[in-house]
Amino acid sequence: MSEEISLMKGNEAIAHAAIRYGVDGYFGYPITPQSEIIETLMEQAPWKTTGMVVLQAESEVAAINMVYGGAACGKYAMTSSSSPGVSLKQEGISYMAGAELPCLIVNVQRGGPGLGTIQPSQADYFQTVKGGGHGDYKLITLAPDSVQEMADFVGLGFELAFKYRNPAMILTDGVIGQMMEKVKLPEFRRRRTDQEVREQCPWATLGKTPDRKPNIITSLELDSARMEKNNERFQAKYRLVEENEVLYEEVKCDDADYLLVAFGSAARICSKTIEMARKEGIKVGLLRPITLWPFPSKILHHYADRVKGILTVELNAGQMVEDVRLAVNGEIPVEHYGRLGGIVPTPDNVLNALKEKTVQK
Amino acid sequence: MNANDIISPENLVYAKPGLMNDNYMHYCPGCSHGVVHKVIAEVIKEMGLQEKTIGIAPVGCAVFAYNYLDIDWQEAAHGRAPALATAVKRLLPDRMVFTYQGDGDLAAIGTAETIHAANRGENIAIIFINNGIYGMTGGQMAPTTLSNMVTSTSPDGRNVQMMGNPLKILDMLALLDGVCLATRTSVHTAAAVKRTRRMIRLAFENAMAGKGTSIVEVVSTCNAGWKMTPAAANDWMVENMFPVYPIGDLKNI
């Protein structure tokens, strides 16, 4: 038995995984450091094989609204961008959350604010998990730390999005998007037929058949009493996601005196740091949130009376650290170490920060 | 005596289109929207497209268009209807996809989406209601507001030096290779309604035949926003709107 292993960039893995998963439509606009996604799709020309639509839109705004149109038809529709472009998509994401439409959005983050830099960053954490667009809504957020997870999370993202009728995001960054690694791409699945979409998504606007009322996809409800009910329905759904869909990875946490908490590329750096620390006799574990929303609060709380302190490591000025602090609720010290503006810390940098901020205290 | 006693079958020469439901319309008396809705319902029915049609509603007075025609609808964010329609038509190429948009939606906030969908020659129909004013939000200036026209955000009349000129966006769209039909109509007389029906039917036929983008601009009244009676609004439209937005085909291939 031979496994089909490829060597490719994280961005390319997303594109190949989308074709293989049976995605119906990709709509995007070029921006560094993620343009390989649309370039790979255009090169692969899946409209000739699976029938997948690939379209370069006139803007990020148009692209996310094309995703809205496709998702409203029950189709697997996706887009990708990087931080400044994802800011433009926030309107559409809020509308899709309000209209309860499933889709996949990929954010290959770069440093901001503004036009910022094209180098990697994790500074869109707040934008992603705390809102971004207007209104009370949540975005299912997956944070891959390898090219393999870039490929795997395309399918996982769509599964969760359709299970809960809610947008999902792969929140990654320029490191994971640009680095090349071995990857085993998912098996080819055929795209769903219109009939299958009708059965799986009875709400989809595929044309009104005589056996049902018109399907109307909207986020509008002028009657406040009904709008409150809609919001309560969304919140109940969010609680269900928080109950059932939390994902995280624990590395050497069993005997740890200290915990590093990091996601995505920062977690890759930390996995080296814990080896270095343990050689020096400091027992450190790594807890890597894979879903950033729903956030792994329970497991973090569990560690609050098992470790002496936590250091969160992020490529930002301290965003996820707030959720870690909420999770441990003041029981142990939680410090933050981050580099800004596209600078990626070395494992050494993290080790020094761990000693200064957490171990010596 | 009730209505059914008067409307006996032998007296019935006209009926509400089957696709229109009994929901009360929120449009003001005298507004052009109701007539255009009715025409669209009639055309979809006569073309047998009820099961194949997906409508995209705008933000503006027609935001609730989906309440009145019994077809599948998507409600777009302000100005984004052509982007939604692009994806729907490409993912479901055998369906009839149309957008229904006002002047603020199509020619201000949605200009990019409109121009680029048309430039790609998306096989969709765009029904464009141009009444020169923002009706839903209470009568503010639109991109199509005439020079010197009074609105709540141009209370001394539209000063074109300060506020820009009336945007003849259909003229711009007619220049694009992706566009097969760019035509202006109105619905203020029976003859005008008949021509609007012909043009909307042609737009829907073009969309199904894959000929490119069709835009039917219906030059309309907003008697509430214009602060006129419906009859005076019709006269005002003929006198003032038609010289700037002349009725007829700009492109029909």
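Taking region A:169-187 as the region of interest, how many residues are of a type in the set (A, V, I, L, M, F, W, C) and surrounded by 24 or more Cβ atoms within 10 Å (Cβ to Cβ)? Explain how you work it out, then say what you get.
Of region A:169-187, the ones of a type in the set (A, V, I, L, M, F, W, C) are A:169-171, A:175-176, A:179-180, A:183, A:185.
Next cut, surrounded by 24 or more Cβ atoms within 10 Å (Cβ to Cβ) only: A:169-171, A:176, A:183.
Looking only at that region, the number is 5.
Criterion applied to A:Glu322, A:Glu314, A:Glu331 was being acidic (Asp, Glu) and free of Cβ contacts under 8 Å to residues at least 24 places away in the same chain, and the one residue passing it is A:Glu322. Examine region B:51-61 for a residue that is surrounded by fewer than 19 Cβ atoms within 10 Å (Cβ to Cβ), in a helix (DSSP H, G or I) and more than 7 Å from chain A (Cβ to nearest Cβ), and state whether such a residue exists. Looking through region B:51-61, none of the residues is surrounded by fewer than 19 Cβ atoms within 10 Å (Cβ to Cβ), in a helix (DSSP H, G or I) and more than 7 Å from chain A (Cβ to nearest Cβ).
Return a yes/no flag: does region B:184-199 have any residue that is β-branched (Val, Ile, Thr), within 23 Å of B:Asp235 (Cβ to Cβ) and assigned to a strand (DSSP E or B). The answer is yes, given that some residue of region B:184-199 is β-branched (Val, Ile, Thr), within 23 Å of B:Asp235 (Cβ to Cβ) and assigned to a strand (DSSP E or B).
Let's see how each residue does on (1) away from chain A (no Cβ under 11 Å); (2) farther than 30 Å from B:Asn240 by Cα; (3) touching a residue at least 12 places away in the same chain (Cβ under 8 Å):
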| site | (1), (2), (3) |
| --- | --- |
| B:Ala83 | no, yes, yes |
| B:Ala108 | yes, no, yes |
| B:Thr111 | no, no, yes |
| B:Asn123 | yes, yes, yes |
| B:Tyr134 | yes, no, yes |
| B:Thr144 | yes, no, yes |
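If I filter region B:62-75 down to residues being at the interface with another protein chain (Cβ under 7 Å from one of its Cβ atoms) and of a type in the set (A, V, I, L, M), which single residue comes out as nearest to A:Ala99 (Cα to Cα)?
The first filter runs over region B:62-75 and keeps only residues at the interface with another protein chain (Cβ under 7 Å from one of its Cβ atoms), leaving B:63, B:66, B:70-75.
Within this subset, residues satisfying the condition of being of a type in the set (A, V, I, L, M) are B:63, B:71.
Values: B:Val63: 15, B:Ile71: 18 Å.
Among them, the one singled out is B:Val63.
When the residues of region B:1-42 are filtered to those that are touching a Leu at 6+ places or on another chain (Cβ under 8 Å) and aliphatic (A, V, I, L, M), the one that is farthest from B:Met96 (Cα to Cα) is B:Met20. When you look at A:Thr205, is it surrounded by 17 or more Cβ atoms within 10 Å (Cβ to Cβ), in a loop (DSSP other than H, G, I, E, B), out of contact with any Leu (no Cβ under 7 Å at 6 or more places or on another chain) and within 14 Å of chain B (Cβ to nearest Cβ), yes or no? For A:Thr205, the condition - surrounded by 17 or more Cβ atoms within 10 Å (Cβ to Cβ), in a loop (DSSP other than H, G, I, E, B), out of contact with any Leu (no Cβ under 7 Å at 6 or more places or on another chain) and within 14 Å of chain B (Cβ to nearest Cβ) - is met. Residues in region A:74-93 that are free of Cβ contacts under 8 Å to residues at least 40 places away in the same chain and basic (Lys, Arg): A:Lys89 alone.
Highlighted here are the strands (runs of 3 or more DSSP E) found entirely within region A:40-147 that include at least 3 residues which are farther than 29 Å from A:Phe234 by Cβ: A:53-56.
Restricting attention to region A:133-158, the residues that are closer than 17 Å to A:Leu101 by Cβ and touching a strand residue (DSSP E or B) at 6+ places or on another chain (Cβ under 8 Å) add up to 6. Any residue at all in region A:215-227 that is away from chain B (no Cβ under 12 Å) and surrounded by 11 or more Cβ atoms within 10 Å (Cβ to Cβ)? Taking every residue of region A:215-227 in turn, at least one turns out to be away from chain B (no Cβ under 12 Å) and surrounded by 11 or more Cβ atoms within 10 Å (Cβ to Cβ). Residues that are closer than 17 Å to B:Gly132 by Cβ and surrounded by fewer than 24 Cβ atoms within 10 Å (Cβ to Cβ) within region B:88-117 comprise B:Ala108, B:Ile109, B:Thr111, listed in sequence order.
Condition check: closer than 27 Å to A:Arg198 by Cα, of a type in the set (D, E, K, R) and within 9 Å of chain A (Cβ to nearest Cβ). Does B:Lys89 satisfy that?
Values: closer than 27 Å to A:Arg198 by Cα: yes; of a type in the set (D, E, K, R): yes; within 9 Å of chain A (Cβ to nearest Cβ): yes.
Spelling it out, B:Lys89 is indeed closer than 27 Å to A:Arg198 by Cα, of a type in the set (D, E, K, R) and within 9 Å of chain A (Cβ to nearest Cβ).
Please go through region A:3-31 and pick out each residue that is within 14 Å of another protein chain (Cβ to nearest Cβ) and in contact (Cβ under 8 Å) with a residue 60 or more places away in the chain.
Narrowing region A:3-31 to residues within 14 Å of another protein chain (Cβ to nearest Cβ): A:22-29.
Matches in region A:3-31: A:Gly22, A:Val23, A:Asp24.
In this structure, does A:Ala45 turn out to be buried (at least 23 other Cβ atoms within 10 Å of the Cβ), more than 16 Å from the chain's Cα centre (by Cα) and closer than 26 Å to B:Asn119 by Cα? No: the conditions fail for A:Ala45. Within region A:188-202, being part of a loop (DSSP other than H, G, I, E, B) and buried (at least 17 other Cβ atoms within 10 Å of the Cβ) holds for A:Arg191, A:Arg192, A:Cys201. Which of the residues belonging to region A:70-102 are surrounded by 24 or more Cβ atoms within 10 Å (Cβ to Cβ), at the interface with chain B (Cβ under 10 Å from one of its Cβ atoms) and in contact with a Ser or Thr (Cβ under 7 Å, 6 or more places away or on another chain)? Answer for region A:70-102, where residues must be surrounded by 24 or more Cβ atoms within 10 Å (Cβ to Cβ), at the interface with chain B (Cβ under 10 Å from one of its Cβ atoms) and in contact with a Ser or Thr (Cβ under 7 Å, 6 or more places away or on another chain): A:Ala72, A:Cys73, A:Tyr95.
Given the condition part of a loop (DSSP other than H, G, I, E, B), modelled with pLDDT of 95 or more and crowded, with 24+ Cβ neighbours inside 10 Å, answer yes or no: does some residue in region B:145-167 qualify? Within region B:145-167, one or more residues are part of a loop (DSSP other than H, G, I, E, B), modelled with pLDDT of 95 or more and crowded, with 24+ Cβ neighbours inside 10 Å. As a summary of the residue check, A:Lys361 satisfies the conditions (1) at pLDDT 95 or above; (2) in contact with a strand residue (DSSP E or B) (Cβ under 9 Å, 6 or more places away or on another chain) except for the one numbered (1).
Name the residue, out of A:Gly177, A:Gly131, that is at pLDDT below 95, farther than 24 Å from B:Val88 by Cα and either assigned by TED's automatic domain parsing to the domain that holds A:Pro345 or of a type outside the set (Phe, Trp, Tyr) (or both). Every option except A:Gly131 fails the conditions.
Of all residues in region A:228-254, which are surrounded by fewer than 13 Cβ atoms within 10 Å (Cβ to Cβ) and within 23 Å of A:Ala266 (Cβ to Cβ)?
Within region A:228-254, the subset surrounded by fewer than 13 Cβ atoms within 10 Å (Cβ to Cβ) is A:228-229, A:232-233, A:236, A:239, A:243-244, A:254.
A:Asp254, the sole residue that qualifies.
The values are calculated or read from the model by the stated rules, or taken from the named source; none is laboratory data. The structure presented is a predicted model; accordingly, all values stated were derived computationally and were not measured. Reconstructed Cβ throughout: ideal geometry from the backbone, glycine too, with neighbour counts over all protein chains shown.
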